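Encoded as structure tokens, the structure appears first; notes follow it.
The values are calculated or read from the model by the stated rules, or taken from the named source; none is laboratory data. Since the model is a prediction, treat every value here as computed from it, not as a measurement. A quick note on method: Cβ atoms are made from the backbone with ideal geometry, for glycine too, and the neighbour counts reach across all protein chains shown.
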Amino acid sequence: MSAELLFRADAGPRVGTGHVMRCLALAQAWRSAGGKSVFLTTGVGGLEERLANEDVSVIPLAAPVGREEDARRTAEVAKDRSAAWVVADGYGFGADYQRIVKTCGARLLLMDDYGQADRYCADLVLNQNIDAKEALYERREPQTKLLLGLRYVLLRREFLERDRRRTPPAQVRRVLVSLGGADPANATDAVLQALLRLNRENLEVRVVLGAANPHFEKVSTTARSAPFPVRLDRDVKDMAAAIGEADMAVAAGGVSAWEMAYLGLPAILITLAENQRPVAAGLAKAGVCLSTGPQEEIRIENLAETIRRLLDDPGARQEMSRSGQALVDGEGASRVLMRLRDEDFRLRPARWADAEVLFQWANDPAVRAAAFSPDPIAWEDHRGWFKDRLADSGCRVFLALDGEDRPLGQVSFEGLGKGEAETGVSVARESRGSGLGGRLIGLAAEAVFRSGVFHTLHAFVKPDNIASQRAFESAGFQNKGLNTRKNHPAVHFMKESAGGAAHGR
């Protein structure tokens, strides 16, 4: 896939960095599928280097946000670049804006938080919030499809690559304070003052100030008066590490709320903007956090008491951690990508919870008949095999899921050494005969080639298994003729990455 996404999003002291950062999560997923991205923006709030490191281009825009000039320039750039989609994330993109952008020929994905537009004519509307509901979008065109709720929470790669196993400690030592990319009213300083009132010398506090935060000097002055160590960081590149190292957080109810929930960090959320209110309230109701309400209503002594209460309640923190991880599964970008690519299934790496469905497929009579070892597989043998594959960095196992997350099939790549792997595939009984096998193999092969783990794939198929032979051929594997596999005759198929010759082939 070489098509381009054009993102229309802004960041800065007034709007924060959340719009750009969640767009970045989608840009990363698009890039992992072989595509390119560009941002058209009035400003990215100091995130230029971050975007450049992700191979994302930035085009400056000099136009009033959401006005006709903005829309026409966006449409013009999308047309010039032959963009497949325009992704607009912000609060000024109403019906007129959407209609003008769609004249460029690209499709439009509108990121939304609370149904603020007068009407919706985008192709897709994405609202990833816990309170997202169809009633917010009754004023929409018939072709406008909705992606609503926590299934579509967009997380950046740095979060998805972290180990989620977390057991909150009985005693909190490390507190993270992160009030968004801008924090115009300096809620960060209020939180530090509340922490000072606790008079707890055993704390270690890390304060993360966003790239667009103008209050570094004031926060630094307060930090120097603390009886405990305070580390101040600006524009942290690896926010996942900061969250992963903390025992508890005081944070804004924006994008970081989903990041902390995913990694199971207990938190107190402060509402800094109107759109954050339903997020904080919904997460508090789900037992994922405590919510203080709007910043302007907070009294320092009350905030200090809320922090003290959570510090002293390990049971509440453990329950928050479990609830957050159950609520946000980290597959939102993959689900959105499936819609952008017009796929009827998506791939994700297999995990331990998939062991049972893979066991059922492996012992399906048709699968056993096609295997070179046709005997049924015992559950304990399967568990051992699967555990070894998940732990082996030289193996890859992918599960195919439809739009409702129903499993459809699997593809495995078992390393043979020197960048080569043997490919195995099985498809759920109800999905056979649909051509899924070939598409599944092809998509998985693209993924492992892009990862650089393998450059040459092999497959061995029984001579009478015509369906599997056709599947591998449709996935671009070359028929290398008859060979043997486990002392049985087999048709050997092979596929090399485009750079195979560079790997010494």
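A few notes on this one:
- Among the residues of region 367-407, those identified as in a loop (DSSP other than H, G, I, E, B) and within 15 Å of THR423 (Cα to Cα) are ALA371, PHE372, GLY394.
- Test result for ARG277, in the same structural domain as VAL172 (by TED's automatic domain parsing), assigned to a helix (DSSP H, G or I), at pLDDT below 90 and not aliphatic (A, V, I, L, M): yes
- Meets criteria (farther than 30 Å from MET239 by Cα and at pLDDT 95 or above) for PRO142: yes
- Checked against the criterion of being modelled with pLDDT of 95 or more, buried (at least 16 other Cβ atoms within 10 Å of the Cβ) and either assigned by TED's automatic domain parsing to the domain that holds PRO13 or not hydrophobic (A, V, I, L, M, F, W, C) (or both), the candidates ARG308, ARG335 yield just one match: ARG335.
- The set of residues in region 200-216 being of a type in the set (Asp, Glu) and modelled with pLDDT under 90 consists of GLU201 alone.
- Among the residues examined, ASN487 does not qualify as polar (S, T, N, Q), in contact with a strand residue (DSSP E or B) (Cβ under 6 Å, 6 or more places away or on another chain), at pLDDT below 95 and not assigned by TED's automatic domain parsing to the domain that holds GLY34.
- Residue identified as at pLDDT 95 or above, within 23 Å of SER32 (Cα to Cα), outside any loop (DSSP other than H, G, I, E, B) and acidic (Asp, Glu) among GLU422, GLU446: GLU422
- Of all residues in region 367-383, those being surrounded by 15 or more Cβ atoms within 10 Å (Cβ to Cβ) and among the aliphatic types (A, V, I, L, M) number 4.
- Residue within region 316-328 that is among the β-branched types (Val, Ile, Thr) and touching a residue at least 60 places away in the same chain (Cβ under 8 Å) present: yes
- Checked against the criterion of being more than 29 Å from the chain's Cα centre (by Cα), crowded, with 20+ Cβ neighbours inside 10 Å and not small (Gly, Ala, Ser), the candidates PHE449, PHE413, PHE460, PHE454 yield just one match: PHE460.
- The residue that is nearest to the chain's Cα centre (by Cα), among those in region 227-262 that are assigned to a loop (DSSP other than H, G, I, E, B) and surrounded by fewer than 23 Cβ atoms within 10 Å (Cβ to Cβ), is ASP238.
- Test set (1) assigned to a loop (DSSP other than H, G, I, E, B); (2) crowded, with 16+ Cβ neighbours inside 10 Å - GLU201 fails condition number: (2)
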